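The values are calculated or read from the model by the stated rules, or taken from the named source; none is laboratory data. As the structure is a computational prediction, the values presented were derived from the model and not from experiment. All Cβ positions, even for glycine, are placed from backbone atoms using ideal geometry, and neighbour counts span all protein chains on display.
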Amino acid sequence: MALHRVEQAHLKLVEQCAGVGELTWRDRVFPQIRYRINRYQGMARSGLPVPGLHRIEGSVEIGAIPESTDMAGSSLKLRLEDGRSLAITIATGDGRVLTEGHGPGRCGCC
C-alpha cells in the first residue's frame, strides 16, 4: 500500500544532514558514528505534504563495529548531533541507510 502511495506522490528533498551521532542497535549503544542523511517528504500533486510519507537515505559509518554485517536489514535508532532521533534501517552491511515509512512515529522530526 505504501509503495502505491509513493508512486502517486513525488518525493521532495527537505533536509540533508551530516555529523557524528549515536547508534542504538538491540541493547547496545555505539557512540561517535559518522552519518550522512537525506530526508525526503512525500508531496501530493497539489503541492501539499502527505503526512507521514517519507524516505530516509544515506549512510552511517559502521565498519569499525564487529557485528556490522549482522546489522543489515535491522532497525536502529540514530541520534543526530542536534538531539533528534531517527528510526532507520541499515540496508547493507556497509552502512547504507534506506527507510521508507508512513506515520509520524518513524522519526523525531515530523
* Scan of the stretch 27-51 for residues that are in contact (Cβ under 8 Å) with a residue 40 or more places away in the chain and either surrounded by 17 or more Cβ atoms within 10 Å (Cβ to Cβ) or within 21 Å of MET71 (Cα to Cα) (or both), ordered by number -> ILE33, TYR35, ILE37, ARG39, GLN41, VAL50
* Structure fact -> Selection from the stretch 81-95 of residues surrounded by 15 or more Cβ atoms within 10 Å (Cβ to Cβ), modelled with pLDDT of 90 or more and out of contact with any Gly (no Cβ under 6 Å at 6 or more places or on another chain) yields LEU86, ALA87, ILE88, THR89, ILE90, ALA91, GLY95
* **Qualifying positions in the stretch 78-94 - of a type outside the set (A, V, I, L, M) and under 9 Å from the mean Cα position of the chain (by Cα)** => THR89
* To do: Please name all residue pairs, on different chains or six or more residues apart, with Cβ atoms under 6 Å, provided the first residue is in the stretch 54-68 and is surrounded by fewer than 17 Cβ atoms within 10 Å (Cβ to Cβ) and the second residue is of a type in the set (A, V, I, L, M) and at pLDDT below 95.
  => ARG55/LEU11
